[in-house]
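The values are calculated or read from the model by the stated rules, or taken from the named source; none is laboratory data. Keep in mind that this is a model prediction, so the values were computed, not measured. Note that we place each Cβ from the backbone using ideal geometry, even for glycine, and neighbour counts take in every protein chain shown. Side chains included, ligands, DNA and RNA excluded: accessible areas come from the protein's heavy atoms. Shrake-Rupley method; radii C 1.70, N 1.55, O 1.52, S 1.80 Å.
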Amino acid sequence: MKTKQQTIPFHAASVGEDEARAAADVIRSGWLTMGPKTLEFERNFASYVGARHAIGVSSCTAALHLALEAVGLQQDDEVLVPTTTFTATAEVVVYFRAIPVLVDVDPVTLCIDPAEAEKKITARTRAILPVHFAGQPCDMDRIQQLAASYHLHVIEDAAHALPASYRGTPVGAIGRLTAFSFYATKTLTTGEGGMITTEDDELAARIKVMRLHGIGQDAWKRYHQEGSWYYEVTNAGFKYNLTDIQSAIGLVQLSKCTEMRNLRARIASQYTDAFSRCEELEVPTVLGDRESAWHLYVLRLHLDRLTIGRSEVVERLKERGVGTSVHFIPLHMHPYYRDAYHYCDESFPVAQREYYRSFSLPIFPGMTQEQISYVIEQVIEVVKEVRRSPCWPSDCS
Ligand SMILES: Cc1ncc(COP(=O)(O)O)c(C=O)c1O
């Protein structure tokens with residue numbers, strides 16, 4: 001019997017009545033922007049990831065920008081960035097008229113390849129921006145060693161990696177500066193938002209000032225009863241603060257963060273059980289010393305065993321009501337990076353190859369068992385339709 005067609009979005013945010021009530025309470029309180037709720041969210045977030053400081057900001061992009069500002073990035077400096085990432089990771093480097101030096105990725109994790117990164121270090125290299133791709137932490141020991149040997153700043157892009165851990169340490173407590181995203185599709189969402197964690201008191205103080213126009217740390221209090229009208233501008237800062245409405249939503253989300261991660265891990269394990277029996281598919285590998293946040297489930301195709309390519313597979317799944325996405329079109333393939341920095345496809349053989357054979361399946365905590373089973377069934381059906389050698393023994397037939 002043919003299964004009834006369903007429509008499964010690539011992502012649906014796990015927000016509900018508790019988040020709505022928390023946001024409404026803030027609105028009723030009359031204090032809408034950064035204030036007590038943001039301070040509480042920062043405190044709870046810091047304790048959740050085991051960091052000394054957590055600073056709420058308007059996005060992960062803002063977090064990365066502020067982190068690079070805090071370490072003093074200058075024009076013409078070079079920053080190592082994996083090519084398999086979202087443009088935010090590299091565009092923040094361009095804000096300084098510095099140069100994003102793209103680096104190929106590891107074929108297993110799709111995180112920056114430390115050996116490739118080392119080859120690209122020059123006298124002008126100042127920092128490395130590892131991205132914990134899909135939620136799996138990068139090889140942080142090797143990255144930290146590289147940073148120590150060449151005196152580089154490490155700023156982790158953890159937009160995908162809440163909660164995740166590397167050799168038992170949570171992301172957010174590993175390196176000196178870590179940037180998180182609370183964008184609508186992320187594992188903790190406030191609609192838009194972000195957080196920077198750091199162990200360093202001086203960096204934290206600088207970031208707090210720069211996220212709010214370069215005025216004193218408690219400037220937000222100037223409209224508060226306990227505050228004063230007087231303030232001093234000490235720098236030309238940015239308007240990158242997180243609001244109390246966002247933070248109230250964030251506090252509810254944070255209280256469910258581990259549970260939501262476990263639900264995603266359960267979906268991932270069902271996908272992996274089903275797809276690893278299919279020789280046309282390659283399932284994601286999480287290395288033994290890491291725990292993934294499972295922000296994304298990236299499935300790869302063995303193209304030599306199929307008669308169609310990734311884009312057509314995605315199209316067929318769409319026709320069957322399964323929403324998917326692709327993470328990521330490597331940065332060196334985008335017109336801006338290609339033209340501005342003369343990157344070419346041949347310089348990034350791993351990212352290039354993996355891009356053409358990968359796509360991301362729905363993996364959100366609210367997925368029902370029926371939806372998970374439907375996704376599995378449709379992926380296998382599509383593979384069966386287009387496998388090159390229908391008589392090959394394959395358990396997924
Ligand atoms: C790897 C990565 N870094 C940074 C960002 C930017 O996050 P935000 O939208 O919070 O600025 C994203 C967003 O998708 C991302 O995937």
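Can you give me the distance in nm between label points at Arg338 and Thr87, each placed 7 Å from the Cα along the Cα-to-Cβ direction?
Between Arg338 and Thr87, the simple spin-label model gives 1.4 nm.
Over the chain, what is the mean sequence separation of C-alpha contacts under 8 Å (at least six apart), divided by residue count, expressed as relative contact order in percent? List each step's numbers first, then the result.
Working: 817 pairs, mean separation 87.4, N = 397.
Rounded, it is 22 percent for the chain.
How many angstrom lie between the C-alpha centres of the stretch 206-264 and the stretch 26-103?
Cα centres, the stretch 206-264 to the stretch 26-103: 12 Å.
Compute the Cα gyration tensor for the stretch 247-342, then decide on rounded, prolate or oblate, letting a ≥ b ≥ c be the square roots of its eigenvalues: rounded whenever a/c is under 1.5, prolate when a/b is larger than b/c in the other cases, and oblate in all that remain. Numbers along the way, then the final one.
Values: a/c = 1.84, a/b = 1.21, b/c = 1.51.
Cα axes put the stretch 247-342 in the oblate bin.
Shape call for the chain from the C-alpha gyration tensor, a ≥ b ≥ c root eigenvalues: rounded (a/c under 1.5), prolate (a/b greater than b/c) or oblate? Before the final figure, lay out each step's value.
Details: a/c = 2.27, a/b = 1.40, b/c = 1.63.
Oblate shape, in that a/c is at least 1.5 and b/c is the bigger or equal ratio.
List, in order, the whole-Hz ³J(HN,Hα) value for each residue of the stretch 105-116 obtained from phi through the Karplus relation with A = 6.51, B = -1.76, C = 1.60 and θ = phi - 60°; use x for Gly and Pro.
After applying 6.51 cos²θ - 1.76 cosθ + 1.60, I find 10, 6, x, 7, 8, 6, 8, 3, 8, x, 5, 5 Hz.
Given points 7 Å out from each Cα along the Cα-Cβ axis, report the Glu17 to Thr185 separation in nanometres with one decimal.
For Glu17 paired with Thr185, the spin-label model returns 3.0 nm.
For a protection proxy built on the mean count of beta-carbon atoms within 10 angstrom, sort 144-151, 378-385 highest first, please. Show your work: numbers first, answer last.
Details: 144-151: 14.5, 378-385: 19.2.
Peptide ranking by packing, descending: 378-385, 144-151.
Over 28 Å between Cα atoms: which of Lys186/Lys384; Lys120/Lys239; Lys2/Lys318; Lys186/Lys239; Lys318/Lys384; Lys37/Lys256 fall into that group?
Values: Lys186/Lys384 32 Å; Lys120/Lys239 34 Å; Lys2/Lys318 17 Å; Lys186/Lys239 22 Å; Lys318/Lys384 16 Å; Lys37/Lys256 17 Å.
The answer is Lys186/Lys384; Lys120/Lys239.
Given the DSSP H assignment, sum -39500 (n - 2.57) over each helix run of at least 4 residues in the chain and divide by its residue total; what's the result at 222 nm in deg cm²/dmol, nearest 500?
Values: 13 runs with 147 residues, N = 397.
Helix contribution divided over all residues of the chain: -11500 deg cm²/dmol.
Report the FRET efficiency, 1/(1 + (r/R0)^6), for Leu32 and Tyr95, where r is their Cβ-Cβ distance and R0 is 41 Å, rounded to 0.05. List each step's numbers first, then the result.
Values: r = 28 Å, r/R0 = 0.68.
The formula returns an efficiency of 0.90 here.
Taking H placed 1.01 Å from N in the peptide plane, check which residues at least 5 places from Val322 or on another chain put their amide H under 5 Å from its amide H.
Ile8
How large a share of the accessible area of the chain, in percent, is made up of carbon and sulfur atoms when the probe is 1.4 Å and the other protein chains stay in place? Don't skip to the answer; put the middle values down first.
On the way: 8800 of 17200 Å².
The value for the chain is 51 percent carbon and sulfur by accessible area.
Which of rounded, prolate or oblate describes the stretch 50-158 when judged by the alpha-carbon gyration tensor and an a/c cut-off of 1.5? Don't skip to the answer; put the middle values down first.
On the way: a/c = 1.37, a/b = 1.09, b/c = 1.25.
Verdict is rounded for the stretch 50-158.
Which of these, Thr189, Thr368, Thr125, has the largest mean-square fluctuation under a Gaussian network model of the chain (Cα springs below 10 Å)?
The residue with the greatest mean-square fluctuation here is Thr368.
Per residue of the stretch 121-126, what does 6.51 cos²θ - 1.76 cosθ + 1.60 with θ = phi - 60° give for ³J(HN,Hα)? Whole Hz please, x for Gly and Pro, Karplus curve as stated.
6, 10, 5, 9, 6, 10
Whole number in Å², please: accessible area per residue of the chain, 1.4 Å probe, ligands, DNA and RNA not counted.
Working: 17200 Å² over 397 residues.
Per residue, the chain has 43 Å² of solvent-accessible surface.
Using a simple spin-label model with points 7 Å from Cα along the Cα→Cβ vector, what separation in nm is obtained for Lys2 and Ala205?
6.9 nm
Of Ala67, Val15, Ser47, whose Cα points farthest to the positive end of the dipole of the stretch 1-77 (charges on the beta-carbon: +1 Lys, Arg; -1 Asp, Glu; origin at the Cα centre)?
Val15
Work out the charge dipole of the stretch 121-262 with +1 on the Cβ of Lys and Arg and -1 on the Cβ of Asp and Glu about the Cα centre, then indicate which of Pro130, His213, Leu162 is farthest towards its positive end.
Value: Pro130.
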